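Novice: One structure, as structure tokens, below. Some questions next.
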């Protein structure tokens with residue numbers, strides 16, 4: 001490996017640092033500077049003043065849905081790269097189908113468990 005092989009990584013790292021610096025600098029330069037005034041404490045995303053409690057309570061079903069989403073999102077994150085390298089592993093004679101079927105089986109068992117426990121039922 002020569003130093004020229006690391007040039008794309010160096011360019012990407014420098015660009016990421018520069019973009020980060022510009023965004024933080026723009027936020028600091030253009031951001032609000034008032035100290036604890038009504039303007040600073042209001043929601044600036046939509047311009048509509050907030051009503052009711054600031055910290056509302058969410059039902060557990062929302063958190064459960066988020067956790068299930070993350071679980072199956074993680075499954076996709078693992079399965080997509082696996083599909084790209086499957087032929088390469090077959091070419092080298094490495095058995096990769098068994099471990100991924102075990103992984104999918106564990107996820108399916110988890111889903112069946114969640115369905116039997118009624119975790120996916122919104123109305124209770």
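Bear in mind these aren't lab numbers, they're just calculated from the coordinates by the rules spelled out. None of these values were measured; they are calculated from a predicted model. Positions of Cβ are generated from backbone atoms using ideal geometry, with glycine treated the same way; all protein chains shown enter the neighbour counts.
Novice: Test of understanding: what is the full-extension gain from residue 29 to residue 12, defined as 0.36 nm times their sequence separation minus their Cα-Cα distance? It would help to have the intermediate numbers written out before the result.
Specialist: Numbers: separation 17, 0.36 × 17 = 6.12 nm, distance 2.53 nm.
That pair, residue 29 and residue 12, stretches by 3.6 nm at full extension.
Novice: Could you work out how far apart the two model spin labels at residue 60 and residue 116 are, taking each label as a point 7 Å from the Cα in the direction of the beta carbon, and quote it in nm?
Specialist: Placing both labels 7 Å beyond Cα along the Cβ direction yields 1.9 nm.
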